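Notes to accompany the following structure.
The values are calculated or read from the model by the stated rules, or taken from the named source; none is laboratory data. Model, not experiment: these values are computed from the prediction. Counting neighbours? That spans all protein chains shown, and the Cβs are built from the backbone with ideal geometry, glycine included.
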Amino acid sequence: MSGAGAVRVRLDIGYDGTEFSGWAEQPGRRTVQGELQEALARVLRVEAARLTVAGRTDAGVHARCQVAHVDLPAGVWEAEGDRLLRRLAGVLPADVRVREVARAPEGFDARFSPMFRRYVYRVSDAPGGVDPLRRRDVLWHKRPLDVDRMNAAAAELIGEHDFAAFCRRREGATTIRELLRLSWEREGDHLYAGTVQADAFCHNMVRALVGALLAVGDGRRGPDWPRRVLTAGVRDSAVHVVPPHGLTLEEIRYPAETGLAARATATRRVRTLPGV
């Protein structure tokens with residue numbers, strides 16, 4: 001956990017990702033991590049406040065319920081902890097908010113302790129396009145969608161698999177993931193929400209899965225196509241990665257305090273599939 005004389009602090013965060021180049025700090029680019037670390041350093045008068053996040057979101061992706069932790073000197077936390085939330089609200093830009101600040105329990109790790117992350121992708125097939133007030137978080141799909149077809153295809157992808165066909169590979173990183181939920185429901189007239197929940201995700205996985213299911217929903221592909229792509233195990237150029245703005249990180253769930261450290265240890269294991 002945190003080092004001697006340090007306190008680990010949990011931050012619950014929300015942001016509109018439209019104007020950000022993603023979560024992770026990058027030289028010369030505006031990022032969520034960069035804004036938050038700058039704000040923390042400013043209000044706490046510390047040289048550096050390095051955040052560890054539960055899930056790195058891409059450029060344009062939103063978060064209603066992001067989680068990060070930071071290790072602070074114990075004296076700083078004791079002096080500033082009670083007023084840190086209000087002070088951050090006074091210096092952060094309007095498109096990122098810290099909703100809650102609390103001392104983290106023993107064994108907490110924002111990145112490795114979660115049981116699952118839940119994203120929702122919102123799409124509209126309204127003939128006239130997306131409601132202008134929802135243009136930042138809803139994708140317009142020009143073809144009519146059939147939710148039943150999308151759910152039939154989605155059901156075939158649930159479980160632990162190698163999702164290499166739906167991920168952008170990264171050196172040394174596994175593409176084996178356990179997909180806990182993948183389903184679509186109506187949120188309104190011509191408005192649909194696709195929920196994607198897993199223990200973790202590889203790069204572009206959510207948006208690639210959504211793209212494949214939209215192709216099924218509008219009739220361009222059959223309900224068995226996403227499963228065939230998954231089984232092939234290689235990136236398929238026919239899988240369209242949908243734009244980021246329709247995607248929102250909605251929930252990150254952690255175990256009870258007594259299970260935090262064990263969960264972090266389990267998450268760090270090298271994943272393999274049975275028989276591999």
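Key figures
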| quantity | calculated |
| --- | --- |
| Close pairs (6 angstrom Cβ cut-off, 6 or more residues apart or separate chains): in the same structural domain as ARG50 (by TED's automatic domain parsing) and of a type in the set (D, E, K, R) in region 91-115, surrounded by 13 or more Cβ atoms within 10 Å (Cβ to Cβ) and part of a loop (DSSP other than H, G, I, E, B) anywhere | ASP95/ASP16 |
| Region 33-63: number of residues that are buried (at least 17 other Cβ atoms within 10 Å of the Cβ), closer than 16 Å to ALA89 by Cα and in contact (Cβ under 8 Å) with a residue 40 or more places away in the chain | 6 |
| Residue satisfying all of: in region 184-210; in a loop (DSSP other than H, G, I, E, B) and within 18 Å of GLY233 (Cβ to Cβ); nearest to the chain's Cα centre (by Cα) among these | PHE201 |
| Checklist (1) part of a loop (DSSP other than H, G, I, E, B); (2) more than 30 Å from VAL241 (Cβ to Cβ); (3) in contact with a Lys or Arg (Cβ under 9 Å, 6 or more places away or on another chain) applied to SER21, failing item | (2) |
| Output for region 102-121, where each listed residue is surrounded by fewer than 21 Cβ atoms within 10 Å (Cβ to Cβ) and in contact with a strand residue (DSSP E or B) (Cβ under 7 Å, 6 or more places away or on another chain) | ALA102, ARG103, ARG111, MET115, PHE116, ARG118 |
| Selected residue [modelled with pLDDT under 95 and within 26 Å of ARG134 (Cα to Cα)] from HIS190, HIS203, HIS245 | HIS203 |
| Matching residues in region 25-67 - criterion: being out of contact with any Pro (no Cβ under 7 Å at 6 or more places or on another chain), within 17 Å of ASP109 (Cα to Cα) and part of a loop (DSSP other than H, G, I, E, B) | ALA49, ARG50, GLY55, ARG56 |
| Residue within region 79-88 that is free of Cβ contacts under 8 Å to residues at least 24 places away in the same chain, surrounded by fewer than 17 Cβ atoms within 10 Å (Cβ to Cβ), over 30 Å from PHE20 (Cα atoms) and outside the structural domain of GLU185 (by TED's automatic domain parsing) present | yes |
| Output for region 127-158, where each listed residue is of a type in the set (A, V, I, L, M), farther than 16 Å from TRP184 by Cα and surrounded by fewer than 17 Cβ atoms within 10 Å (Cβ to Cβ) | LEU133 |
| Members of region 234-251 found to be part of a loop (DSSP other than H, G, I, E, B), touching a residue at least 60 places away in the same chain (Cβ under 8 Å) and either of a type in the set (A, V, I, L, M) or exposed (fewer than 13 other Cβ atoms within 10 Å of the Cβ) (or both), listed by number | VAL234, VAL239, VAL242 |
